[in-house]
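The values are calculated or read from the model by the stated rules, or taken from the named source; none is laboratory data. Note that the coordinates shown come from a computational prediction; the quantities given were computed from them, not determined experimentally. Neighbour counts are summed over all protein chains in view; Cβ atoms, including those assigned to glycine, are modelled from backbone coordinates with ideal geometry.
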Amino acid sequence: MSSRHFPSGRIQHGDRTVATSVIECKCGVVAHFKQTGATRKPPEAAEQYFRAHGWTVGARATADRCPDCTTRLSKPVLKVVPMEAKPEAPREMSREDRRIIFAKVDELYLDDKTGYAAPWTDAAVARDLGVPRAWVAQVREELFGPEGSNAEFDEFLAKAAPVIADMKNLCRSATAQLEEARRLSERIDELERIARRVEREIGKAS
């Protein structure tokens, strides 16, 4: 393995200037190995000196690091891995839940043709008991019958449907009328500009 070459430099040593081997970090820090003997010391001696003083001596000058940079780069970087939130397991219906739901449905369910007494539905029972709607539907399907139709709700939908349709038509009509009014307003503005221009021309002629 070939020895590293260190560039030469000079520093003041006491009352005289001595030659040195120089190492420099990318951060700008510089260190000197003094060549104070009668003969120049080999690069290996300079390398050992720099290493002993905490330097990282690379294969090339660009890989040299001062003690501070060596310490900073040698510290392990802890990678923060966010903990994945585990999906919450769906709540399971207990025997007590089933008993309470059964009692409520049994109180409100008329027969498999009518279903619930008005205005009750699976959703209404679930809200009243504070349980998932699917639990109510499961108990009702297994032990009673189909949900059936809510007469009051059906009547409401029958009455509401035409009113909703009329309101939508009215909104569409109002939108069209507003657009037509905007166009008419623009035409009126144009007519007023023409009228003012004609009035000025007549005034000049007279």
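Filter segment 6-27 down to residues that are within 12 Å of D64 (Cβ to Cβ) and part of a loop (DSSP other than H, G, I, E, B), then give me how many there are.
5
Quick one: how many residues across segment 3-20 are among the polar types (S, T, N, Q) and exposed (fewer than 11 other Cβ atoms within 10 Å of the Cβ)?
Taking segment 3-20 and keeping what is among the polar types (S, T, N, Q), we get 3, 8, 12, 17, 20.
Retained after the next criterion (residues that are exposed (fewer than 11 other Cβ atoms within 10 Å of the Cβ)): 12, 17.
Residues in segment 3-20 being among the polar types (S, T, N, Q) and exposed (fewer than 11 other Cβ atoms within 10 Å of the Cβ): 2 in total.
Can you say whether D166 is surrounded by 14 or more Cβ atoms within 10 Å (Cβ to Cβ) and of a type in the set (D, E), as far as the supplied structure shows? Walk me through it before giving the result.
Values: surrounded by 14 or more Cβ atoms within 10 Å (Cβ to Cβ): no; of a type in the set (D, E): yes.
The answer is no for D166.
Checking the structure you have, find out if any residue of segment 182-190 is modelled with pLDDT of 85 or more, within 30 Å of R99 (Cβ to Cβ) and acidic (D, E).
No, segment 182-190 has no match at all.
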